[in-house]
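The structure under discussion appears below in the form of structure tokens.
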Amino acid sequence: MSGKIRWSGAVLGILGLALVLVVHWQVFYWVSTERTMGVVQRIFYIHVPAAWVAFMAFGIVAVCSAVYLWLEDERLDMAALAAAEGGMLFTSIVLLTGPLWGRVAWGTWWTWEPRLTLTLLLFFIYLGYFLVRSSTENSERGKRFAAVVGIVGALEIPLIHVSVQFFRSLHPEPVVMTPEGPSLPGDMLTTLFTGLAAFTLLFLAFFLFRYGLERMKRALAHRQLAGDGVPLPEGVSS
Amino acid sequence: MSKLNRWFLALALLIAFLPELAQAQSGLPDAGALASQNLRGYTHMFIAYFIAWGLILGWVVSIARRLGRVEKALRE
């Protein structure tokens, strides 16, 4: 991995970890408890940042995929793949932490209301991104098919955002991105923004490391194809 | 199918069937359950944080292990 990627990832990771410590102090010691939901509302401080990072990651996938289809630059495909992996991880966090809140707040783990259903659909679309990529004999064709899935999947993100306004929905409405401005009390808003910054920095750090890993995997695969006879290690595919 | 894809597929199946299992539980919480609402809130909150950081840590470890393997293969 190039020194530039390694150092950038390390710096972002350290900053992200520092903010993670701050946000945990805020969540468990500092921020006030929400009056009607009680302590379970504190799930909000990881649920919303995870959703934000997932949407950002899938946005990166869509942009890189679109430009990859145009320029066919391998680096864009590697960046899209790295971002998609992170996006899947953070969507999983959203889908697993949401029901834990819903069980206490709504009395049910899950309901097929628009935002939850669309988020689950987003998860499956990006699961398809990985399946399509690895399901073709021709890896170049697999990358192009995956790029199309990556673009189509990201079109759902604005729909998820507006779903609570346009459909009958149980999910709480936005409290930050509203025309009137944030409606949260100051301490809750500060904790939320710290969580958003921490998750964003951590995602960018791991995204860089994952991108570096993908570059090395492909360099290794090219060396093997060029006849150097270097065997691919276990769990590493070209 | 790569190891990573198998993990994603297993996670997808878990998420897909979780709601069905949840719906099998009937009714609203009774008075006793409502009384323990606050304690349950703590449990659910800690489980949520544990899951989130567990998944993130798992991804970091996975990247580190794969990096180690590829770096070793490139050195050889």
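The values are calculated or read from the model by the stated rules, or taken from the named source; none is laboratory data. Nothing here was measured: the structure is a model prediction, and the numbers come from that model. Note: ideal-geometry Cβ built from the backbone for every residue, glycine included; neighbour counts use all protein chains shown. To get the accessible areas, we keep the full protein, side chains included, count just its heavy atoms, and leave off ligands, DNA and RNA. Shrake-Rupley method; radii C 1.70, N 1.55, O 1.52, S 1.80 Å.
Rolled with a 1.4 Å probe across the full set of protein chains, the surface gives B:LEU9 an accessible area near 60 Å². Ordered by 1.4 Å accessible area with all protein chains kept, A:ILE5, A:ILE151, A:ILE14 run largest first as A:ILE14, A:ILE151, A:ILE5.
Applying a DSSP loop filter and a limit of 12 other Cβ atoms within 10 Å to the GluC sites (Glu not before Pro) in region A:127-229 leaves A:GLU137, A:GLU180. Model label points for A:VAL22 and A:TRP106, set 7 angstrom from Cα along the Cα-to-Cβ axis, are 3.3 nm apart.
Computed from phi, the 3J(HN,Hα) profile of region A:137-145 under the Karplus parametrisation 6.51, -1.76, 1.60 (θ = phi - 60°) reads 5, 8, 5, 5, 5, x, 5, 5, 4 Hz, with x in place of Gly and Pro. Shown for region A:3-228: the carbon plus sulfur share of the solvent-accessible area, taken with all protein chains present and a 1.4 angstrom probe, equals 68%. Under the criterion of Cα pairs below 8 Å and six or more residues apart, the relative contact order for chain A equals 34 percent. Each residue of region A:177-192 is assigned a 3J(HN,Hα), and the resulting list reads 8, 10, x, 7, x, x, 9, 7, x, x, 5, 5, 5, 4, 5, 4 Hz, derived from the Karplus form 6.51 cos²θ - 1.76 cosθ + 1.60 (θ = phi - 60°), x at Gly and Pro. Working note: Karplus 6.51/-1.76/1.60 with θ = phi - 60° gives region A:110-123 the couplings 8, 9, 7, 8, x, 5, 5, 5, 5, 5, 5, 4, 4, 4 Hz, where Gly and Pro are set to x. Only helices enter this figure: runs of n ≥ 4 DSSP H residues, each worth -39500 (n - 2.57), summed and divided by the residues of the protein assembly as shown, yield -26500 deg cm²/dmol at 222 nm to the nearest 500.
Pairing chain B with chain A buries about 4700 Å² of accessible area. This figure sums both sides and uses a 1.4 Å probe.
Here is the list for region A:13-89: trypsin sites (Lys or Arg not before Pro) lying in DSSP coil, each with at most 14 other C-beta atoms within 10 angstrom of its C-beta, are A:ARG35.
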